[in-house]
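Colleague: The structure's right below; bear with me while I get my questions together.
All of the numbers you see were taken from the coordinates with simple rules; none came from a lab. Note that the structure is predicted; figures quoted are calculated from it, not measured. Positions of Cβ are generated from backbone atoms using ideal geometry, with glycine treated the same way; all protein chains shown enter the neighbour counts.
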Amino acid sequence: MAVTLERSRHKTKSDKKNNIQMENHNFNRKKETTINRLRIGHPRLTHEYLVSKEEPLTCEECGTPLTIKHILTECQLYQQERINLNITLDSLLGPDPAQNRKILNFLKSINLIDLI
Ligand SMILES: [Zn+2]
């Protein structure tokens with residue numbers, strides 16, 4: 001019985017991994033747009049002021065200009081989420097879909113995904 005449970009658990013883990021890999025290669029258009037905006041450094045959240053001609057946004061937590069680099073790598077407010085999702089500088093915005101997925105999950109977990 002114990003063996004069956006172990007096998008069952010192993011299979012579930014493997015299936016989950018395969019599903020994630022498949023998802024990574026099939027980003028929908030919205031997710032692709034989000035990643036592209038992040039790559040060029042012009043997400044709506046931090047660059048809308050250019051269109052609206054208002055003052056650039058400042059991070060309420062740190063008092064520094066709100067940039068995508070600040071959100072992804074610097075802001076102390078999101079440090080725990082960065083650790084939880086294993087977000088590192090090396091993993092940011094490269095071509096690896098698995099890493100892109102991590103960034104999207106990070107933005108989702110800090111409730112900024114819809115503002116990018
Ligand atoms: Zn901050």
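Colleague: So what is the diffusion coefficient of segment 41-110 in µm² per second by Stokes-Einstein at 4 °C and 1.567 mPa s, using a Kirkwood Rh over Cα pairs?
Modeller: 100
Colleague: What are the trypsin sites (Lys or Arg not before Pro) within segment 38-116 that DSSP puts in a loop, where the Cβ has at most 10 other Cβ atoms within 10 Å?
Modeller: Sites meeting the loop and neighbour criteria: 53.
Colleague: Right, next: Mind listing the phi-derived Karplus ³J(HN,Hα) values for segment 100-109, rounded to whole Hz, using 6.51, -1.76 and 1.60 with θ = phi - 60°, and x for any glycine or proline?
Modeller: 4, 4, 4, 5, 5, 5, 4, 5, 5, 5
Colleague: Still on this structure, please answer the following. Across segment 56-68, in residue order, what do the Karplus-derived ³J(HN,Hα) couplings come to in whole Hz, using 6.51 cos²θ - 1.76 cosθ + 1.60 with θ = phi - 60° and x for Gly and Pro?
Modeller: So the J values, rounded to whole Hz, are x, 6, 10, 5, 5, 6, 10, x, 9, x, 7, 10, 5.
Colleague: Please give me, ordered by residue number, the GluC sites (Glu not before Pro) of segment 42-80 that lie in loop per DSSP and have at most 12 other Cβ atoms within 10 Å. Mind showing how you got there, number by number?
Modeller: Numbers: sites: 48, 54, 60, 61, 74; in loops: 54, 60, 61.
Passing both the DSSP loop test and the Cβ count: 54, 60, 61.
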